[in-house]
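Peer 1: Got a structure for you, written out below as C-alpha cells; questions coming shortly.
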Amino acid sequence: MSQFISVFDMLKIGVGPSSSHTLGPWRAAQEWIQILKEKSIFDHIAAIQVDLYGSLSLTGKGHATDLAILLGLSGTDPEFIPIDNIDIIIDKIKKTELLFFNNEKEISFTLDKIVFNRDFLPFHSNGLIFRGLDKNNNEISTETYYSIGGGFVVQEEAIKAPQESTELNFPFPVEKAVDLEMYCKKHEKLISEIVFENENILKTSEEINNRLDSIWDTMLECMYIGCHTEGILPGGLNVKRRAFKTHEKLIKDTPYSNINEWISAIRNTEVKFREILKWVSCFALAVNEVNASLGRVVTAPTNGSAGVIPAVLMYYMVIENHEATIEHVRKFLLVAGEIGSIFKKNATISAAMGGCQAEIGVSSSMAAAALTELLGGTPSQCLVASEIAMEHHLGLTCDPIGGLVQIPCIERNAMGAIKAINAAELALETDPEESIVPLDKVIETMWKTANDMSRNYKETSEGGLAVTVGLADC
C-alpha cells in the first residue's frame, strides 16, 4: 500500500530559519511534552538536558536550533506564536535562568543544558535526545528524536514498529510519478484534481480550500514583509537585506497601501525580460530574508527553500496572468505538494541527508510542475518540467557559511525559482513521448547521488563555501 503524504505535510506554516534544524526540534520538544503528559511524569520533571547530534549540532547555532528547543519547551507553537514574542521569551530565559515549562511551571534552566555533540547517531544525521530529571536528579525520561527534513520528526522505534493497517481508502494512491501519470491519463484529470480527491478523504472541500488559502496568505505576507524590510540579517555574517532595494527600484513611485494594492501595482510595472528576472529574484530573496531572521514562512518543502514556490506562483499571478484567481493558487499548491511528496517517499527532502539538491532541487521541481499545469500543460508535461528542474540541480551541495541559512542559501532560492520557470517553458515545448529521462529515474538518481555525496557537503559547514570562505572572511 502506498504511503500517503498530504500536501499540508509538505507545505507547513512555521518559523525560520530551518525546517529540519528549527521547526523539527521545536516540534520534537512539543512531542516530548505530550509523552510526559501521557506517562503522567510531567509534574515530576525538575531539570532538563537536551543533546544534539550530527548536523543538528554542527550547524545548530547558525540554524537557531537551541532557540527553537527553548520555544518548544516553553509551550509555544511555531505556526501561531507572535513573532515579536520570540525574543521576549528567549531573553527572559537567559536573564532569569528559568524555563516556564510548557507555560505551566518554572524550572531552573541554562543554555548549557543544550549540549552540542559533534558525533552522529546511526539512524539519521539530525538526532536529538531529551532527558528529564526529577528533584533527586534521577533521569526519569529519555526520548530520542530525528528531524528528517521539512519539519518532519520521527522516533526510530516508531518507524521500525509494525504499521497498523489503515481503513482510509484513497482513490488514487501514489507512490511514484508513473502512478500519478497513469491516474491522470486513465481518468482524464489534471494532477491538481487527482490530488484534491485524495485530500478529500481527510478533509472537506471547504477545509482543503481554507488551508490552501492560509498557506498562500502566509507566503504573500512573507514576500510583502521581505520587500519592505531593510537592514542587516542576524547571525554575525553582516548580510545586508537586498529585497528592499531591489523592490524599491522595481516598484518606483507606484502608490499602494496594502497587499492587494501592491499586487495591482506590480502588475502595472514594466515587464521587460530583465525586469521579470529581477521581480522573481526579488520575491525569492524577500521570503528567505524573512526566513533567515526567524520570521514566519511556509516550509516548501523546507525552510531553506521556502522562497522558490511563492516566487514562481507570484510570477504567475502578477506577470504571466493578470486575471489569475485564488483557484489558480490552489491548483498550483496542490500540484507542488504532490510532487514534493513523491520526492520524500522515494528520496529525501533533507539537506542533512541529500545536500541542497534535496531542498532547492526539490522545491524547483515542485514549482516547475505546478507552473506547467497553470500554463496549460498536460500532466505528462508537468512531470517533464519537474524532471528537467531536478536534473539540473543534481549534486547541489549544502555548505552554509557559519551554519547560517544565508550564504549561499538565500541566492539559491532565486536561482531555483528562475530554473523552475525555465523548466516549465521547456516542458511545454516537449512531447512527453519523446522525453528520454522519466521523473522517477531522476528521483532515483538524486537519492544515489545523495548516498555518494561526502558527509561534509550535507549541512555540516565542514566543506565547500563554509570552509573556503568561512566566518573569518566575512
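Peer 1: Listed residues 235, 132; which is touching a strand residue (DSSP E or B) at 6+ places or on another chain (Cβ under 9 Å), buried (at least 16 other Cβ atoms within 10 Å of the Cβ) and under 26 Å from residue 80 (Cβ atoms)?
Peer 2: Testing whether each residue is touching a strand residue (DSSP E or B) at 6+ places or on another chain (Cβ under 9 Å), buried (at least 16 other Cβ atoms within 10 Å of the Cβ) and under 26 Å from residue 80 (Cβ atoms) leaves just 132.
Peer 1: Please verify whether residue 325 is modelled with pLDDT of 95 or more, hydroxyl-bearing (Ser, Thr, Tyr), out of contact with any Asp or Glu (no Cβ under 6 Å at 6 or more places or on another chain) and surrounded by fewer than 21 Cβ atoms within 10 Å (Cβ to Cβ), treating the condition exactly as stated. Spell out the reasoning first.
Peer 2: Numbers: modelled with pLDDT of 95 or more: yes; hydroxyl-bearing (Ser, Thr, Tyr): yes; out of contact with any Asp or Glu (no Cβ under 6 Å at 6 or more places or on another chain): yes; surrounded by fewer than 21 Cβ atoms within 10 Å (Cβ to Cβ): yes.
Yes; evaluated as a whole, the condition is true for this residue.
Peer 1: Residue by residue through the stretch 72-103, note down the ones that are of a type in the set (Asp, Glu) and in contact (Cβ under 8 Å) with a residue 60 or more places away in the chain.
Peer 2: Passing the criteria: only 79.
Peer 1: Which fully enclosed helices (runs of 4 or more DSSP H) of the stretch 1-101 have 3 or more residues being out of contact with any Asp or Glu (no Cβ under 8 Å at 6 or more places or on another chain) and among the aliphatic types (A, V, I, L, M)?
Peer 2: Where helices (runs of 4 or more DSSP H) fall fully within the stretch 1-101 and carry at least 3 residues being out of contact with any Asp or Glu (no Cβ under 8 Å at 6 or more places or on another chain) and among the aliphatic types (A, V, I, L, M), they are 24-38, 65-73, 83-96.
Peer 1: Here's another thing I want to ask about it. Quick check on residue 106: is it within 15 Å of residue 295 (Cα to Cα) and outside any helix (DSSP H, G or I)?
Peer 2: Spelling it out, it is not the case that residue 106 is within 15 Å of residue 295 (Cα to Cα) and outside any helix (DSSP H, G or I).
Peer 1: While we're looking at this one, here's another question. Of the conditions (1) polar (S, T, N, Q); (2) crowded, with 24+ Cβ neighbours inside 10 Å; (3) within 22 Å of residue 61 (Cβ to Cβ), residue 397 fails just one. Which one is it?
Peer 2: (2)
Peer 1: Restricting attention to the stretch 260-302, which residues are assigned to a loop (DSSP other than H, G, I, E, B) and within 24 Å of residue 422 (Cβ to Cβ)?
Peer 2: 269, 270, 271, 272, 300, 301, 302
Peer 1: Of the residues 73, 23, 58, 11, only one is under 24 Å from residue 155 (Cβ atoms), over 20 Å from the mean Cα position of the chain (by Cα) and surrounded by 21 or more Cβ atoms within 10 Å (Cβ to Cβ); which?
Peer 2: None of the other options fit; the residue is 73.
Peer 1: Do the conditions hold for residue 298, that is, is it touching a residue at least 40 places away in the same chain (Cβ under 8 Å), touching a Lys or Arg at 6+ places or on another chain (Cβ under 9 Å) and either of a type in the set (A, V, I, L, M) or buried (at least 24 other Cβ atoms within 10 Å of the Cβ) (or both)?
Peer 2: In short, yes.
Peer 1: Got a sec? Which of 367, 385, 389 is crowded, with 24+ Cβ neighbours inside 10 Å, within 17 Å of the chain's Cα centre (by Cα) and among the aliphatic types (A, V, I, L, M)?
Peer 2: 367 is the lone residue from the list that is crowded, with 24+ Cβ neighbours inside 10 Å, within 17 Å of the chain's Cα centre (by Cα) and among the aliphatic types (A, V, I, L, M).
Peer 1: Kindly list the number of the only condition in (1) surrounded by 12 or more Cβ atoms within 10 Å (Cβ to Cβ); (2) at pLDDT 95 or above that fails for residue 123.
Peer 2: Single failed check for residue 123: (2).
Peer 1: Can you tell which of 440, 452, 431 is of a type outside the set (Val, Ile, Thr), touching a Lys or Arg at 6+ places or on another chain (Cβ under 8 Å) and modelled with pLDDT of 95 or more?
Peer 2: It is 440.
Peer 1: Does the stretch 195-205 include one or more residues that are of a type in the set (Lys, Arg) and assigned to a helix (DSSP H, G or I)?
Peer 2: No, the stretch 195-205 contains no residue that is of a type in the set (Lys, Arg) and assigned to a helix (DSSP H, G or I).
Peer 1: Looking only at the stretch 290-312, which residues are over 14 Å from the mean Cα position of the chain (by Cα) and of a type outside the set (Gly, Ala, Ser)?
Peer 2: Hit for the stretch 290-312 is 312, nothing else.
Peer 1: Specify the residue that is surrounded by the most Cβ atoms within 10 Å (Cβ to Cβ); the eligible residues are those in the stretch 431-474 that are in contact with a Gly (Cβ under 9 Å, 6 or more places away or on another chain) and hydroxyl-bearing (Ser, Thr, Tyr).
Peer 2: Ranking the candidates gives 460 first.
Peer 1: Quickly run through the stretch 210-241 and pick out the residues that are under 30 Å from residue 328 (Cβ atoms) and either at pLDDT below 95 or in a loop (DSSP other than H, G, I, E, B) (or both).
Peer 2: 228, 229, 241
Peer 1: Only one of these is in contact (Cβ under 8 Å) with a residue 60 or more places away in the chain and either in the same structural domain as residue 65 (by TED's automatic domain parsing) or in contact with a helix residue (DSSP H, G or I) (Cβ under 8 Å, 6 or more places away or on another chain) (or both): 281, 293. Name it.
Peer 2: Result: 281 is the single residue among 281, 293 that is in contact (Cβ under 8 Å) with a residue 60 or more places away in the chain and either in the same structural domain as residue 65 (by TED's automatic domain parsing) or in contact with a helix residue (DSSP H, G or I) (Cβ under 8 Å, 6 or more places away or on another chain) (or both).
The values are calculated or read from the model by the stated rules, or taken from the named source; none is laboratory data. Small disclaimer: the values here were computed from a predicted structure and weren't measured. Positions of Cβ are backbone-derived with ideal geometry, glycine not excepted, and every protein chain shown enters the neighbour counts.
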